[in-house]
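The values are calculated or read from the model by the stated rules, or taken from the named source; none is laboratory data. Computed from a predicted model, the values in this text were never measured in an experiment. A quick note on method: Cβ atoms are made from the backbone with ideal geometry, for glycine too, and the neighbour counts reach across all protein chains shown. When the accessible area is computed, the model is the full protein with side chains, heavy atoms only, and any ligands, DNA or RNA have been set aside. Shrake-Rupley method; radii C 1.70, N 1.55, O 1.52, S 1.80 Å.
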Amino acid sequence: MTGRHLLDIASLAPGEAEALIGRAVALAGGAAPRRLDGEVAQLFWEPSTRTRVSFELAARRVGLHSITVDPDRSSSVKGETVDDTVGTLAAMGIAALVVRHAEAGIPERAAAVLAASGVAVINAGDGTHAHPSQALLDAATLLEEGIDWPTARIVLLGDLRHSRVARSAFALYRRLGVGELRMAGPPELLPDPGDPAFAEVRRYDDPDAALDGVDVVGCLRIQRERIDALDLPDVATYHASWGLTAARAERLSPGVRVLHPGPVNRGIELDPEVADGPRSRILHQVRMGVFLRMAVYERALAAFDR
Ligand code: CP
């Protein structure tokens, strides 16, 4: 069996993104999962709670056996290359490999190394490049609530520059035909003008103007692990200037949904009252993550009908 990769949103054929999010919503509504055979491996060179655990639970719920390889306790620490590590796992007969790495392009590289093996490579986040399953689960969370893509106004707030979540989200929202896309953050955390990942996204230098009239606010964590400490804004100033504070959230209409991919830094990118408040969909996203990743496995392992 030849698996199908999920490397970024662009790696999805026309209609596949819509099919995946629709399938996730159906699974969340009680549709029966398909039964798959085989073993899958998770290889996370960066820390993770949501993505790693939900891929593992998703695998179990569709009948797959999942193993997690801890790179810190693998032969990576003895100098084994990424190519040799993924080739070794493929030689043991896995059907799919879920990969997270700090370096952009590692999942694509793994897919090239494993081209002859038929192993499906699933990107669980690579550097600042992509986090496609996060974007898909965010969209599924909104779809489950009946969002109307052509009229929706969505803003992402915070560290856009270093965010793989933002790049995948905007790629997906453009595909889905979202009515208006916005981004807002301090100048040092916004992307370079002309970056194609942010095409068609309106840029704001005033958070209150950016939040005016939106249907969805996506808060983004400052990606400290990808930023030189000297370039980091002061946390208190950042929170006051750019955080989704309780006061800012109060000015949003009651139907606005607040998303955050997690992990949340309470009191920095958003206030605890907002994270736990009525507009927050943060734990809905986490719940939907399992269903979306079940759909990803169904597609990856060729049991997915479009
Ligand atoms: N959103 C996300 O990728 O969270 P984790 O780092 O916990 O997987």
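Mind checking which helices (runs of 4 or more DSSP H) fall wholly inside region 45-148 and carry at least 3 residues that are β-branched (Val, Ile, Thr)? Can you show your working first?
Values: elements: 50-61, 82-91, 106-113, 132-144.
Helices (runs of 4 or more DSSP H) meeting the threshold: 82-91.
Of all residues in region 287-306, which are modelled with pLDDT under 95, open to solvent by 50 Å² or more (accessible area, probe 1.4 Å) and out of contact with any Asp or Glu (no Cβ under 8 Å at 6 or more places or on another chain)?
Scanning region 287-306 gives Ala302, Asp305.
Can you tell which of Val113, Val82 is more than 13 Å from Trp45 (Cβ to Cβ) and more than 16 Å from the ligand (Cβ to nearest atom)?
Details: Val82 fails: more than 13 Å from Trp45 (Cβ to Cβ).
Step by step, each of Val113, Val82 is checked, and only Val113 is more than 13 Å from Trp45 (Cβ to Cβ) and more than 16 Å from the ligand (Cβ to nearest atom).
Modelled with pLDDT under 95 and in contact with a strand residue (DSSP E or B) (Cβ under 9 Å, 6 or more places away or on another chain), is that true of Ala275? Steps first, answer last, please.
Numbers: modelled with pLDDT under 95: no; in contact with a strand residue (DSSP E or B) (Cβ under 9 Å, 6 or more places away or on another chain): yes.
The answer is no for Ala275.
Is it the case that some residue within region 32-41 is under 30 Å from Arg224 (Cα atoms) and either open to solvent by 20 Å² or more (accessible area, probe 1.4 Å) or within 16 Å of the ligand (Cβ to nearest atom) (or both)? Even if it seems obvious, please write down each step before you answer.
The first filter runs over region 32-41 and keeps only residues under 30 Å from Arg224 (Cα atoms), leaving 41.
Restricting the remaining residues to those that are either open to solvent by 20 Å² or more (accessible area, probe 1.4 Å) or within 16 Å of the ligand (Cβ to nearest atom) (or both) gives none.
No, the conditions are met nowhere in region 32-41.
Could you tell me which residue of region 44-68 is farthest from Leu301 (Cα to Cα), considering only residues that are within 16 Å of the ligand (Cβ to nearest atom) and of a type in the set (Val, Ile, Thr)?
Step one: of region 44-68, the residues within 16 Å of the ligand (Cβ to nearest atom) are 44-59, 66, 68.
Then drop every residue that is not of a type in the set (Val, Ile, Thr), which leaves 49, 51, 53, 68.
Details: Thr49: 24, Thr51: 19, Val53: 19, Thr68: 18 Å.
Here the residue is Thr49.
Looking only at residues that are open to solvent by 10 Å² or more (accessible area, probe 1.4 Å) and within 13 Å of the ligand (Cβ to nearest atom) in region 260-286, which one is nearest to Leu27 (Cα to Cα)?
Val286
Would you be able to tell me the number of residues in region 104-154 that are of a type in the set (S, T, N, Q) and open to solvent by 20 Å² or more (accessible area, probe 1.4 Å)?
Start the filter on region 104-154 by keeping residues that are of a type in the set (S, T, N, Q), which leaves 117, 123, 128, 133-134, 141, 151.
Subset that is open to solvent by 20 Å² or more (accessible area, probe 1.4 Å): 117, 128, 151.
Of the residues in region 104-154, 3 are of a type in the set (S, T, N, Q) and open to solvent by 20 Å² or more (accessible area, probe 1.4 Å).
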